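Everything on this sheet refers to the single structure shown next.
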């Protein structure tokens with residue numbers, strides 16, 4: 001910790017001590033990104049992208065975006081199982097950050 005030898009004024013409050021203690025907070029975070037691909041006629045095509053921002057002592061949501069609706073609908077059960085794999089990985093990584101994943 002560092003010390004500051006001045007009178008400080010913050011919003012609505014005046015610190016009356018001539019010595020203020022300055023502290024900092026460091027928060028860890030991790031970003032996970034993934035794609036779900038379907039191979040059709042020898043070509044891999046991305047049908048869904050996923051992302052999740054895991055922050056220490058927080059709650060995280062998985063964001064998904066469908067990029068090919070026709071292939072997504074035709075393979076929805078298999079796509080869902082890949083999203084669950086992503087969620088399991090996010091929960092595993094989040095556990096170390098005390099982050100709950102929905």
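The values are calculated or read from the model by the stated rules, or taken from the named source; none is laboratory data. This one's a predicted model, so the numbers in the text were calculated from it and none came from an experiment. We place every Cβ from the backbone using ideal geometry, glycine too, and count neighbours over all the protein chains shown.
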Test: residue 71 is loosely packed, with under 14 Cβ neighbours inside 10 Å and in a helix (DSSP H, G or I): no
Out of everything in the range 41-67 that is over 15 Å from residue 89 (Cα atoms) and not in a strand (DSSP E or B), what residue ends up being modelled with the highest pLDDT? 67
Mind listing whichever residues of the range 17-43 are touching a strand residue (DSSP E or B) at 6+ places or on another chain (Cβ under 7 Å) and without any contact (Cβ under 8 Å) to a residue 24 or more places away in the chain? 19, 20, 21, 22, 31, 33, 35, 37
